[in-house]
Each structure stands twice: as structure tokens, then as C-alpha cells.
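Chemist: Take a look at this one; I'll ask things after.
The values are calculated or read from the model by the stated rules, or taken from the named source; none is laboratory data. Quantities reported herein were computed from a predicted structural model and do not represent experimental measurements. Glycine gets a Cβ as well: all are built from the backbone with ideal geometry, and neighbour counts include every protein chain shown.
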Amino acid sequence: MTEKEKVIQEKSKEKKKIRINKLAIFNVVSILFILAFIINYSVRFFYFKNQQTTGSHLSDILSERLILTLNPMLFERNGVYYYEGDVNNNYVQFMGYMWQVMKINDDGSTTMIMKEPITAFSFGSGDNWTETHIHHWLNYDKDILFSGVFENTLDTSFLTYTTTCIDIIDSIDNITCNEKESNSLITLPTLYDYYSSGGHNGFLNNDESFWTISSTEDNHYWFVSEDSAVSIAAKNEMYNLRPVITLVPETNVFGGNGELDTPYIVKKRNVSLTKHLFVGEFVEYNDLIWRIIRNDNDSITLALNDCLKDDEDNCMIVPFSATDNLFVTSNRDNLLSYLNSEFFNSLDNSDFIITGTFNSGYYSAAVPNFINVFSKTNQANVGLLSIADPFAFSIPNVFLLNTLENHEFSIFTVNQNNLLFQEQVWSEHYIRPVITLRSNISITGGLGRIYSPYQLGGVTND
């Protein structure tokens, strides 16, 4: 091969090599472009799929967001959307309570039930729902003194009247909802609500008994038992109350995705002082967890969220008194004396506590009107719960302050089934102290949940 031919061959190889390199570069760039395209749109797909699941980009209105999340447990019937089955993403935090949405109404309002019982009562006297003691405890009535214990813990600007089925139900084989009324802000679930949620397999079952608002022809009421069975009981019997409320159609969402640990938030607020806290929330004080049962703007009242324990972490068990049921703090034989001396003196930052008012009036099982417990009040640094207080029945086997009328040796307690029970004053039970804190103590942390209670700082000048 001549020298010239060798040169031509070498140039041909170089050109071919250049073409191969260009082709390789083109292929690499193409592959990278395709990969970038796939990754970009995959991320966008899953992002918007997740956004559709949470509904966070769809609407700031609670009812609209609930519908637009396309939850497979949400079923539409005649313009009303019902949650049915084992639902775990319909939670809403409103005030200091956790709620579960039962339905979205055709006007855009949202009807919810409290996740846990707030108290236990009997219906008492009255042939109609609005005449019962349960209604009076839940709803404020200007003509009934001390009514609306529960309503007073809510911001009612968020509420509208709840539409309730009032059909007489004499058999669970014929549950109807033909007649309705809307005359209460706060009600109880109906049998129609219970079966619309899935009945035995629905999310309303929480291993606790609770009343429904549905009644029979002979004026008995239906209730759901601990094992989710449905039965009838006389109206003077006692079962748990799970309030039902309806939020106005324009209620906004400010966070959350409806799960228990991250519920929808519908009320914005700034929490910096104890006066900003809600009934139902939790506070840590002296290494103990307390639950707020009252907020009077100038003070908040807390009940220990457990029995009082000794140095070995066992529940202390003591008699109320060796003599009588009087509210006295000077008699060494009286439980209230211990609470206001040894227990109070053992507390750090006891200057946080101010003198509280405790309702120690009588209560009659024969005429079970909670209003009577307000007939007598006492002042002390430490007291006990009364029958009319929220969450009075959430801890079993503890003393309450209330007595039978003209029975100096009796005292009411919460029994092992978290229901009211009459005992003698020298019987022994656990202790659940109640204290009242200043409204101007700073909040330094916490979410107000039982796993993250509010942390207290110091007294401020606010």
C-alpha cells in the first residue's frame, strides 16, 4: 500500500470514528432526555395524585375538600354524602375535641360526631328531646339556669342547626328517616346515622356504649352497647353521650389530611397563654397530665387525667370521710383536707393555682337533673369533679363531689364501668384532683393532645 493510500485510509478511519462518537453522544443525550422526561412526569403524576387524595389543592372549604378527595368510603344518597365502614381519614379537630365526619349535607354543611364520650347521663324527665336533661346539658336555653354546659365550650359561630331524624323506631328491621327537625345546635346520633355509617361494621363503634336520639312509641330510647349491639333502654338509665354538631357550609380548612394524628383543622388560633386553651385539651403540670374541663377567661380548671398515685406509682385508695359528706378542708378525716394541705403543698409552682369554685350540690337518681348539682358551691385550692363537669366519667373508680339530698353518709362515685354509683362516705376509692390555674400562664410548647400536652412557662403580666 502506497503512502498516499495509507493517508487516505487513516483519514477515513478518523471520519468514521468521529461519526461513531457523534452518534454515541446523540444516543446518550437522547437517553438522558427520555429519563428526565419520565422522572419529571412521574413525579408530577404522583404529586398530583397525592394532592387529589388529600384534596389540598382542590378547595379550602371543608365540605368541598371532603367530597373532592374521592374517598371510596364516601357514598352519595339523594344529594347527601355519608361515610360508611371502617373509615380512618374523616377526623376533624374543632375546639379541644376530636370529631369524625358522618355526612356532608346537600347545603354544604358538615355533620360530625365526637370521637369519644364527653359524659354519661340519663334522659330524665320530658317527653320530647328538647325537654330532656341531656338536651339541657348540651344546649344553652336562656330560660333554663345552668343549661348549655357543653355548648359554652364551643365557638357557636361555626355551628348551624343539625337536621335530625325524629321517626319513631320500634324495630331495627324498619329504620326510617321520613320526619326531620332542625331545632338544636347539638344533638346525638340517630339510629339512621348509625346504620348509615355501617352499623356493626361502621366507624361509630368505639368499644363504649352511647345513647342515640331515636326513641320508641313508649318513650324509651335506643342505645349502642360496648360490643356494638343495638338495644332499648328506659330514659332514666345512664349511658355515654357523644355529641353531634353541624359546621356551617363555609367552614374553612387550615391544615391536616383527615387522619387521626393529622386531622383537618377548622379553627385558627394563637396559643400563648392558658386563657387561649380549649376545654378537652391536655396540660402537663408537676409531671402530671391534666385535662381542661372549664375555661372562664380569667381562669382554667383542670382535672387529673388519671388517678392520683403514690411514690410506688400505685393508685391511692382512700375513704372520702369517716363521718359525713360535707365539703370541708379543715377536718383531717376528710379527703378534701388532704388535697388542700399535703397534696397542695407538694406541688411546684403552686402560685399558678388560684381558689376555684366547686359544685357540690345534690343529685337524685330518681329525678336525675344535673342542674341540682349547682345548688351548692364551695371554694378551695383543690377539689373533685361534679356530675355536671365534662369528662367526669372518663376515669373509673373515683370520688365525685355530689351527694343524695339529705343523705349525709352517701357520696357519688364513678364505678368500674365509668357510670354513676352511690357509695357510703367511708368506702374507699381512687382520687382525681381538680385545680384552677391562672389565665395568664405562658405556654412554651405542646399541641394540647394527650401525647403532646401543653407545657407551662411562668406567670405573665398579660
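Chemist: Among the residues of the stretch 403-437, which ones are touching a strand residue (DSSP E or B) at 6+ places or on another chain (Cβ under 6 Å) and closer than 28 Å to Lys275 by Cα?
Modeler: Selection gives Arg432, Pro433, Val434, Ile435, Thr436, Leu437.
Chemist: Could you please let me know if Ala322 is in the same structural domain as Glu284 (by TED's automatic domain parsing), in contact (Cβ under 8 Å) with a residue 12 or more places away in the chain, buried (at least 21 other Cβ atoms within 10 Å of the Cβ) and part of a loop (DSSP other than H, G, I, E, B)?
Modeler: no
Chemist: So which residues in the stretch 375-400 are more than 16 Å from Phe121 (Cα to Cα) and either polar (S, T, N, Q) or in a loop (DSSP other than H, G, I, E, B) (or both), if there are any at all?
Modeler: Within the stretch 375-400, Ser375, Lys376, Thr377, Asn378, Gln379, Asn381, Leu384, Asn397 meet the criteria.
Chemist: Taking into account only those residues within the stretch 401-412 that are surrounded by 21 or more Cβ atoms within 10 Å (Cβ to Cβ) and assigned to a strand (DSSP E or B), which is nearest to the chain's Cα centre (by Cα)?
Modeler: Phe412
Chemist: If Ala229 meets every condition in (1) in contact with a helix residue (DSSP H, G or I) (Cβ under 7 Å, 6 or more places away or on another chain); (2) surrounded by fewer than 18 Cβ atoms within 10 Å (Cβ to Cβ) apart from one, which number is that one?
Modeler: (1)
Chemist: Confirm whether Val279 is surrounded by 21 or more Cβ atoms within 10 Å (Cβ to Cβ), modelled with pLDDT of 95 or more and either part of a loop (DSSP other than H, G, I, E, B) or basic (Lys, Arg) (or both).
Modeler: It is true that Val279 is surrounded by 21 or more Cβ atoms within 10 Å (Cβ to Cβ), modelled with pLDDT of 95 or more and either part of a loop (DSSP other than H, G, I, E, B) or basic (Lys, Arg) (or both).
Chemist: If you don't mind, another one. Do we find a residue being of a type outside the set (Ser, Thr, Tyr), crowded, with 18+ Cβ neighbours inside 10 Å, modelled with pLDDT of 95 or more and farther than 25 Å from Lys180 by Cβ anywhere in the stretch 74-84?
Modeler: Looking through the stretch 74-84, none of the residues is of a type outside the set (Ser, Thr, Tyr), crowded, with 18+ Cβ neighbours inside 10 Å, modelled with pLDDT of 95 or more and farther than 25 Å from Lys180 by Cβ.
Chemist: Quick test for you: out of Leu347, Leu339, pick the one residue that is part of a loop (DSSP other than H, G, I, E, B) and either crowded, with 18+ Cβ neighbours inside 10 Å or at pLDDT 95 or above (or both).
Modeler: From the options Leu347, Leu339, the qualifying one is Leu347.
Chemist: Any idea which residue in the stretch 217-252 is nearest to Thr162 (Cα to Cα), counting only those that are at pLDDT 95 or above, in contact with an Asp or Glu (Cβ under 8 Å, 6 or more places away or on another chain) and part of a loop (DSSP other than H, G, I, E, B)?
Modeler: This residue is Pro249.
Chemist: Is it fair to say Phe374 is at positive phi and out of contact with any His (no Cβ under 7 Å at 6 or more places or on another chain)?
Modeler: Taking the combined requirement at face value, the residue does not satisfy it.
Chemist: Now for a different question. Sort out which residues of the stretch 296-318 are crowded, with 18+ Cβ neighbours inside 10 Å, part of a strand (DSSP E or B) and out of contact with any helix residue (DSSP H, G or I) (no Cβ under 7 Å at 6 or more places or on another chain), and write them in order of number.
Modeler: Of everything in the stretch 296-318, those that are crowded, with 18+ Cβ neighbours inside 10 Å, part of a strand (DSSP E or B) and out of contact with any helix residue (DSSP H, G or I) (no Cβ under 7 Å at 6 or more places or on another chain) turn out to be Ser299, Thr301, Leu302, Ala303, Leu304.
Chemist: While we're on this one: In the stretch 136-173, what residues are over 30 Å from Lys268 (Cβ atoms) and either among the polar types (S, T, N, Q) or within 16 Å of the chain's Cα centre (by Cα) (or both)?
Modeler: Ser171
Chemist: Sort out which residues of the stretch 379-400 are among the small types (Gly, Ala, Ser) and more than 22 Å from the chain's Cα centre (by Cα), and write them in order of number.
Modeler: Ala380, Gly383
Chemist: Still on this structure, please answer the following. Report whether or not Thr162 is free of Cβ contacts under 8 Å to residues at least 24 places away in the same chain, β-branched (Val, Ile, Thr) and outside any strand (DSSP E or B).
Modeler: When the stated conditions are applied, Thr162 does not pass them.
Chemist: Same structure again: Looking at the stretch 299-349, which of its residues are of a type in the set (Ser, Thr, Tyr), under 22 Å from Tyr362 (Cα atoms) and touching a Lys or Arg at 6+ places or on another chain (Cβ under 7 Å)?
Modeler: Matches in the stretch 299-349: Thr301 only.
Chemist: Scan the stretch 141-157 residue by residue and report those that are surrounded by 18 or more Cβ atoms within 10 Å (Cβ to Cβ) and either touching a Ser or Thr at 6+ places or on another chain (Cβ under 6 Å) or not in a loop (DSSP other than H, G, I, E, B) (or both).
Modeler: Listed by number, the residues that qualify are Glu151, Thr153.
Chemist: Given Asn178, Asn152, Asn174, which one is within 21 Å of Glu116 (Cβ to Cβ) and free of Cβ contacts under 8 Å to residues at least 40 places away in the same chain?
Modeler: None of the other options fit; the residue is Asn152.
Chemist: Any idea how many residues of the stretch 427-459 are over 23 Å from the mean Cα position of the chain (by Cα) and farther than 18 Å from Leu288 by Cβ?
Modeler: So the count comes out to 7.
Chemist: Just to be sure, is Thr162 at pLDDT below 95, closer than 30 Å to Asp296 by Cα, out of contact with any Asp or Glu (no Cβ under 9 Å at 6 or more places or on another chain) and crowded, with 20+ Cβ neighbours inside 10 Å?
Modeler: No.
Chemist: Test Ile289 against the stated conditions and say whether it is in contact with a strand residue (DSSP E or B) (Cβ under 9 Å, 6 or more places away or on another chain), part of a strand (DSSP E or B) and surrounded by fewer than 19 Cβ atoms within 10 Å (Cβ to Cβ).
Modeler: When the stated conditions are applied, Ile289 passes them.
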